[in-house]
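Encoded as structure tokens, the structure appears first; notes follow it.
The values are calculated or read from the model by the stated rules, or taken from the named source; none is laboratory data. If you're wondering where the values come from, they're calculated on a predicted model, not measured in any experiment. Quick reminder, even Gly has a Cβ in these numbers, built from the backbone with ideal geometry, and neighbours come from all protein chains shown.
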Amino acid sequence: MKRAVLIRLGTGVFVLFAILAALLEISRDDEIVIRPASVTGDPPDPLRARLQRCQTLGEAALGDPSCLNAWAENRRRFLNSGSVDEGSE
């Protein structure tokens, strides 16, 4: 019998804490703070501007030599970004 009482008491305490947590969450006043993006001192990347231009061209960019060069340069940068110098081993 004592075991049944302890189980009921534990269940009641658990339900009480669950209700309390729900009430606290409901009453919490969340304010969304929007902060402007920080501007770094990095100069703008001309390749990024070229890639954005190609994106706006859409399908016409497939035949544009400037876009083809920009994509090739972007691939080169991406594939070489993780390489290790052979002399630094």
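Test Leu79 against the criterion of being assigned to a helix (DSSP H, G or I), of a type in the set (A, V, I, L, M, F, W, C) and surrounded by 10 or more Cβ atoms within 10 Å (Cβ to Cβ), and give yes or no. Against the criterion (assigned to a helix (DSSP H, G or I), of a type in the set (A, V, I, L, M, F, W, C) and surrounded by 10 or more Cβ atoms within 10 Å (Cβ to Cβ)), Leu79 does not qualify. The residues of segment 1-51 that are among the charged types (D, E, K, R) and surrounded by 10 or more Cβ atoms within 10 Å (Cβ to Cβ), listed by number, are Arg8, Asp45, Arg48, Arg50. The residues of segment 20-60 that are within 24 Å of the chain's Cα centre (by Cα) and more than 30 Å from Arg75 (Cα to Cα), listed by number, are Asp30, Glu31, Ile32, Val33, Ile34, Arg35, Pro36. When Gly10 is tested against the conditions (1) outside any loop (DSSP other than H, G, I, E, B); (2) modelled with pLDDT under 90, the lone failure is (2).
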